[in-house]
Ligand code: SF4
């Protein structure tokens, strides 16, 4: 996937003008945010679990090599194969080799953000593999030739009318006049089409929410059951996962699982939580004949040794983007690469380079909601600030333009000269009031156009902040003097 993160501002502008997208984005706070809040309220030990989960992941990251080796040992003991890939290109080549060696042409895939990161479909399709995404959202965007706009709801930007149109265009074998108005009809049609793909598949590729070192299991969490059909029906099962998905034990996995679904969709747990533990054994009723795990590094080792290590605690729940005012306004495609929202704004510069992604850390109001809701307590605003500093130091394109830098320098100078600062603040308030008095809104005032193009700034009330604060202090002193003089209760 070609990254357009550098063009975040243009992407965002387009997204803000897209009426259909704006309507779809209204569902994010209505659905995910409300449901997460209710699920969190129903679990008194939620914060204690967050502490525990964070400690588990910190421990794993401090001992990653040991747990990865233990995991590999368990997979091999169970009859599977583990492949180590330093880069996306290596991982793609490994997967192509596995498929060719197995004579597999038809491939089904469960949802996997890591396979998006490594642009797996773009490598497989030109080589003649027939690849079908089986997660409903992923299937919809595959039909449209799009990329996911959310890490757990890839098609959150689409409405049912668009889906019906796409189905009519692609499912040509079905009767042209069939009714497709209801979501249930769309789901039933997708199920019918995908069922044939599952049954015909030679190989199934899934991601992993967790890799359990203790047992060598790969865990996937879904609400559709497509992951189970992908991994059990085909002859070959390939798991693709990045290194940091390791957790030490099954008990640790269950601790983090209690947070995952609640933070993601507000469910107590997802409909399907599936542990795959190697190839089919004698006596098993189903399961693949071959089982492979491709472990992708792709920059994680460097991240581990950097200030950005906490982002490797991420369990891809999506809560940070659901609560982010920037994501809620522009959606996921504006971020221009695989991972949107606050997690993407931290991870993308690490994976594709700050020069390619410098505008992303700027896409934050620093309101702190992302950190507040993150089940793994990742200090997202702090990490974004670090990226801003790096981008600023590297003078990466897309960082604060020279006018902004000059204004900040002037502000810094004024802040060190309080009398002049107060004078400038009074002047600013006077100018803003003048605009309001004349035009009824703050439009066209110097330095404000980027903000006022889409929203109003309220008229300043009652002078500068410092003037109001001084008045407030005087008022408080006066009240307490009166209180002392009269005594309480009079
Ligand atoms: S950064 Fe936190 S909130 Fe965001 S996806 Fe990762 S775990 Fe979830």
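So in the chain, what percent of DSSP beta bridges are antiparallel if you round to the nearest 5?
Taking every DSSP beta bridge with both residues in the chain, the antiparallel ones total about 25 percent.
Using alpha carbon coordinates only, what is the Rg to Rh ratio of segment 408-478, with Rh defined as the Kirkwood radius?
1.04
Subtract the Cα-Cα distance of residue 174 and residue 472 from 0.36 nm times their separation in residues, and report this length gain in nm to one decimal.
100.1 nm
Using just the helices of the chain, give the 222 nm mean residue ellipticity in deg cm²/dmol: DSSP H runs with n ≥ 4 each add -39,500 (n - 2.57), and the total is spread over all residues, rounded to 500.
That comes out to -15500 deg cm²/dmol.
Normalise the Debye intensity by I(0) for segment 298-426, one equal point scatterer per Cα, no solvent, then take log10 at q = 0.15, 0.16 Å⁻¹ and round to two decimals.
With no solvent term, the Cα-only Debye profile gives -0.73, -0.81.
Consider all pairwise Cα distances in the chain and report the whole-number % of them above 38 Å.
Cα-Cα pairs of the chain separated by over 38 Å account for 35 percent.
After finding the eigenvalues of the alpha carbon gyration tensor for segment 31-96, what semi-axes result from the square roots of 5 times each, listed largest first in whole Å?
Values: eigenvalues 243, 67, 31 Å².
Its equivalent ellipsoid spans semi-axes of 35, 18, 12 Å.
Among 387, 402, rank each residue by its count of other Cβ atoms within 10 Å, from fewest to most, as a rough exposure measure.
Listed from fewest to most nearby Cβ atoms, that is 402, 387.
Along Cα→Cβ, 7 Å out, is where each label goes; now give me the distance between the ones at residue 484 and residue 389 in nm to one decimal.
4.4
Beyond 16 Å, what share of the Cα-Cα pairs of segment 1-71 is found? Please give it as a whole percent.
73
Using only Cα atoms, find the angle between the long axis of helix 402-415 and the longest principal axis of the chain, and express it within 0 to 90 degrees, rounded to the nearest 10.
Value to nearest ten degrees: 50.
Relative contact order for the chain: what is it in percent, counting Cα pairs under 8 Å that are at least 6 residues apart? All intermediate terms of the calculation are to be shown ahead of the outcome.
Values: 773 pairs, mean separation 98.1, N = 490.
20 percent.
For segment 242-285, treating each Cα as an identical point scatterer without solvent, what Debye log10 I(q)/I(0) comes out at q = 0.20 1/Å?
Log10 of I(q)/I(0), two decimals: -0.80.
Note down the Stokes-Einstein diffusion coefficient of segment 43-298 in µm²/s, whole number, using a Kirkwood radius over alpha carbon pairs, 20 °C, and 1.002 mPa s.
It diffuses with D of about 112 µm²/s by this estimate.
Express the relative contact order of segment 43-298 as a whole percentage, based on alpha carbon pairs under 8 Å and six or more residues apart in sequence.
Contact order relative to length: 29 percent.
With no solvent and one point per C-alpha, what does the Debye sum give as log10 I(q)/I(0) for segment 353-425 at q = 0.26 Å⁻¹?
Evaluating at q = 0.26 Å⁻¹ gives log10 I(q)/I(0) of -1.07.
Could you list 160, 74, 35 in order of exposure, starting from the residue whose Cβ has the fewest other Cβ atoms within 10 Å?
Numbers: 160 13, 74 20, 35 16.
Ordered by Cβ neighbours within 10 Å, fewest first: 160, 35, 74.
Arrange the following residues from fewest to most other Cβ atoms within 10 Å of their Cβ: 321, 389.
Going from least to most buried by this count: 389, 321.
No lab work stands behind these numbers, since they all come straight from the coordinates. For clarity, every value in this text was computed on a predicted model and none was experimentally measured. Ideal geometry is used to build each Cβ from the backbone, glycine not excepted, and the neighbour counts take in all protein chains shown.
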